[in-house]
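**Q** Let me begin by handing over the structure; questions about it come next.
The values are calculated or read from the model by the stated rules, or taken from the named source; none is laboratory data. All figures in this text were calculated on a predicted structure; none of them were measured in a lab. Positions of Cβ are backbone-derived with ideal geometry, glycine not excepted, and every protein chain shown enters the neighbour counts.
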Amino acid sequence: MGFFKDIKSTLGSATEAAKAAPAAKQAAESQATAMQAGLVEGTYDPDDPGFEPVEGVTLEQYAKLCKAVAGSGLKDEAEVDQWSQQQGLQAGQFKRVSEEFTKRMGTNRALTNRFGMLYAQG
């Protein structure tokens, strides 16, 4: 009796799993879409508040500044601040902008992906 009961239980579980498969597939596709948001034009909402400029610096400008800083050989925060002032920013502004965009990227996958794409384009 136990063997047939186990088979019946297994078949019941398989049937339930098959019923749930379309919903699971849709959830997985939604998650994949969210993970890819921002990687190409049209896959993110430019009106998303996370994309708003920080102290007048757009995400595009920030990515270019970060790329320039990374390749500049600047050694410390003071040198970065001095360099950023030469780029037209105010004293301490690059640090504040960086902190805010970093904070936003911690909770906004599309923003993070978009920044990565812009940074790569340099």
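**Q** Which residue, of ARG109, ARG104, is in contact with a Pro (Cβ under 9 Å, 6 or more places away or on another chain) and surrounded by 12 or more Cβ atoms within 10 Å (Cβ to Cβ)?
**A** Numbers: ARG109 fails: in contact with a Pro (Cβ under 9 Å, 6 or more places away or on another chain).
Every option except ARG104 fails the conditions.
**Q** Taking into account only those residues within the range 55-85 that are part of a helix (DSSP H, G or I) and of a type in the set (Ser, Thr, Tyr), which is nearest to PHE101 (Cα to Cα)? Show your work before the answer.
**A** First, the residues of the range 55-85 that are part of a helix (DSSP H, G or I): 59-70, 77-85.
If we keep only those that are of a type in the set (Ser, Thr, Tyr) as well, we get 62, 84.
On the way: TYR62: 9, SER84: 16 Å.
Going through the qualifying residues, I end up with TYR62.
**Q** Taking VAL97 and the conditions (1) of a type in the set (A, V, I, L, M); (2) in contact (Cβ under 8 Å) with a residue 40 or more places away in the chain; (3) more than 19 Å from THR58 (Cβ to Cβ), which numbered condition does it fall short on, given that it satisfies the others?
**A** (3)
**Q** (1) assigned to a helix (DSSP H, G or I); (2) without any contact (Cβ under 8 Å) to a residue 60 or more places away in the chain; (3) not polar (S, T, N, Q): which one isn't true of GLY88, the others all being true?
**A** Here GLY88 meets the rest and fails (1).
**Q** Now for a different question. Within the range 54-96, track down each residue that is farther than 19 Å from ALA120 by Cα and either β-branched (Val, Ile, Thr) or in contact with a Pro (Cβ under 6 Å, 6 or more places away or on another chain) (or both).
**A** Hits for the range 54-96 are VAL54, VAL80.
**Q** May I ask you to verify whether ALA91 is surrounded by fewer than 16 Cβ atoms within 10 Å (Cβ to Cβ), modelled with pLDDT of 95 or more and hydrophobic (A, V, I, L, M, F, W, C)? Please lay out each step first, then the result.
**A** Numbers: surrounded by fewer than 16 Cβ atoms within 10 Å (Cβ to Cβ): yes; modelled with pLDDT of 95 or more: yes; hydrophobic (A, V, I, L, M, F, W, C): yes.
So ALA91 passes the test.
**Q** Right, next: Given the conditions (1) of a type outside the set (Asp, Glu); (2) modelled with pLDDT under 95; (3) closer than 30 Å to TYR44 by Cα, which single one is not true for LEU74?
**A** Result: LEU74 fails condition (3) only.
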